[in-house]
1. Filter segment B:158-197 down to the residues that are loosely packed, with under 15 Cβ neighbours inside 10 Å and touching a residue at least 60 places away in the same chain (Cβ under 8 Å), then identify the one that is farthest from residue B:12 (Cα to Cα).
2. Quick one: in segment A:112-127, which of the residues that are buried (at least 17 other Cβ atoms within 10 Å of the Cβ) and outside any loop (DSSP other than H, G, I, E, B) is nearest to the other protein chains (Cβ to nearest Cβ)?
3. Mind listing whichever residues of segment B:1-18 are touching a residue at least 12 places away in the same chain (Cβ under 8 Å) and more than 23 Å from residue B:187 (Cβ to Cβ)?
4. Condition first: surrounded by 20 or more Cβ atoms within 10 Å (Cβ to Cβ), of a type in the set (D, E, K, R) and either within 10 Å of chain A (Cβ to nearest Cβ) or within 27 Å of residue B:51 (Cβ to Cβ) (or both). Can you find one or more residues in segment B:129-141 that meet it?
5. Scan segment A:29-51 for residues that are modelled with pLDDT under 95 and among the charged types (D, E, K, R) and report the count.
6. What is the number of the single condition among (1) more than 26 Å from residue A:187 (Cα to Cα); (2) surrounded by fewer than 21 Cβ atoms within 10 Å (Cβ to Cβ) that residue A:12 does not meet?
7. Determine whether residue A:96 is in contact (Cβ under 8 Å) with a residue 12 or more places away in the chain, in a helix (DSSP H, G or I) and within 13 Å of chain B (Cβ to nearest Cβ).
8. Of all residues in segment B:89-111, how many are more than 30 Å from residue A:96 (Cβ to Cβ) and either basic (Lys, Arg) or not in a helix (DSSP H, G or I) (or both)?
Amino acid sequence: MAPIIEFKNVTKTFTESSTPVTALENIDLRIESGEIFGVIGYSGAGKSTLVRLINALEPVTSGELIVDGADVAGMRERELRTLRAGIGMVFQQFNLLRSRTVFGNVDYALRTAGWDKQRRRDRIEELLNFVGIVDKAWHYPDQLSGGQKQRVGIARALATNPKILLADESTSALDPETTGDVLRLLKRVNAELGVTIVVITHEMDVVREIADSVAVLDAGGLVETGPVFEVFSRPQSPTTRRFVETVLRDQPEGLDLERIRERHTGRLVTARVREGDRLGSVLSEAVGRHNVRFDIVYGGIQAFGGRSLGGLTLELRGADADVDALIAELATTTEIEELSV
Amino acid sequence: MNADWGTLGPTFLTAIGQTLWMVLVTMLIGGLLGLVLGILLYTTRRGGLLANRVVFTVLNVLVNIIRPIPFIIFITAIGPLTIAVVGTQLGTTAATFALILAAIFGISRIVEQNLVTIDPGVIEAARAMGASPMRIIRTLLVPEALGPLILGYTFIFVAVVDMTAVAGAVGAGGLGDFAITYGYHRFNWVVTGIAVVTIIVLVQAAQFLGNWLARKALRR
């Protein structure tokens, strides 16, 4: 099946200022229809620019960008407006019209798309029910909490039944609990309505919890891309590794490490735990054979794209040669890293 | 110090009528054209919806040249233009023509300044929905900045009332003219005072109405 969005060697350079700035360089990316695709990177990595290329809020400088079967790069302004009408977008700061009510904000999208009055009314009711904010229909944005505003933003973005939803840091301005609510809503939009979602974020938790695939951006370049579990369970670049470390605390450092060393005199190793590797089975069988005893002293395991991933730090006690042999055997199953003294 | 209000009364009422007429016509025509010019200044600037460096530079320089000219000088300086358009450079209609021109440039800056306060993100959201620039101007820019715009227009209203008094100097009629001719020149402070109080009442009423409308628009 052809991807719904495909970047082919796309470069974006901003030339408005006296010194041109290349925001994205030689990006190749495939986003499949019906998936939630995460784009993660630090601020300034080019994520926001990348998402704005998809609905042509920013024009592509060079390369091909195929969205729903057509090359965006060659489109005229009128065609672009049609394209944009088929792509919803939600924003970090919600970007609701302050002069209009919740109803009016959703209505704005439908009016822009030229829907007649009766259809608009029915559709707005349906949308506000879907995002769970129907009781606030006649409130103004100023009277809503951040989470409520983002629900309105999502309702507005979905108004015209788009195939694609672009979410630009859609939870970055929200508290952790509200973030969870909004992520679950996005997941529902994907599962129940079959909308392809592109999520731009600097937060690993967002990608970890809802994305199927991910692209890691750094300094305008694509670092890694693939299914979420594959990319994060075997990170190939320092950037990806740093992102994994923001949510996985599997290795003790500093004071934690000192405290552990005080109580545990054996050798400390951190083992990668990856769903399917069956580290526990291997370990429980091998320690006896090598005459080594172990304790679990530190670790963290979380779901990435629905599969468990993490690491456990173990204390291994036994003769040095035996411990060496055990580490060597475990290393055939997963990555083992010994913490130097 | 007593004035003969039997003869002065009708003149006074005419003066009020002339002031109101000049102010209202100026606010209507100048207000509308000032709004258009202000929107053009805002949308043609760099990064704007209709970004166009040439148009913006020309308009910007034009506004910067005309706006600071004191109205008493402006109204005499454009005399030839006024004659060409109105047929005379004296009287209420001629003065109104000058008032409208001056108001357009003053209002355009106020409109531009208020539009700048609109969150660019909201405009981006409308663009992302597929809205055309004209649609955004019509349905988003003006409604989103309506509260501050009303306050801006109220400010201009007061300034225009002030300018109509200056226009009295070229025989425009109106309350300013009345106060100078029948009060100041005849050393009749009662007449001057009554004209001034009438202007104050007019300005206060406009300010009150403007504040009330702005509050409604801002829902505060």
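1. Ranking the candidates gives B:189 first.
2. If we take residues in segment A:112-127 being buried (at least 17 other Cβ atoms within 10 Å of the Cβ) and outside any loop (DSSP other than H, G, I, E, B), then A:112 is nearest to the other protein chains (Cβ to nearest Cβ).
3. Of the residues in segment B:1-18, the ones touching a residue at least 12 places away in the same chain (Cβ under 8 Å) are B:1-3, B:8, B:11-12, B:14-16, B:18.
B:18 - this is the single residue of segment B:1-18 that is touching a residue at least 12 places away in the same chain (Cβ under 8 Å) and more than 23 Å from residue B:187 (Cβ to Cβ).
4. no
5. 1
6. Condition not satisfied by residue A:12: (2).
7. For residue A:96, the condition - in contact (Cβ under 8 Å) with a residue 12 or more places away in the chain, in a helix (DSSP H, G or I) and within 13 Å of chain B (Cβ to nearest Cβ) - is not met.
8. Final tally of qualifying residues: 3.
The values are calculated or read from the model by the stated rules, or taken from the named source; none is laboratory data. None of these values were measured; they are calculated from a predicted model. Reconstructed Cβ throughout: ideal geometry from the backbone, glycine too, with neighbour counts over all protein chains shown.
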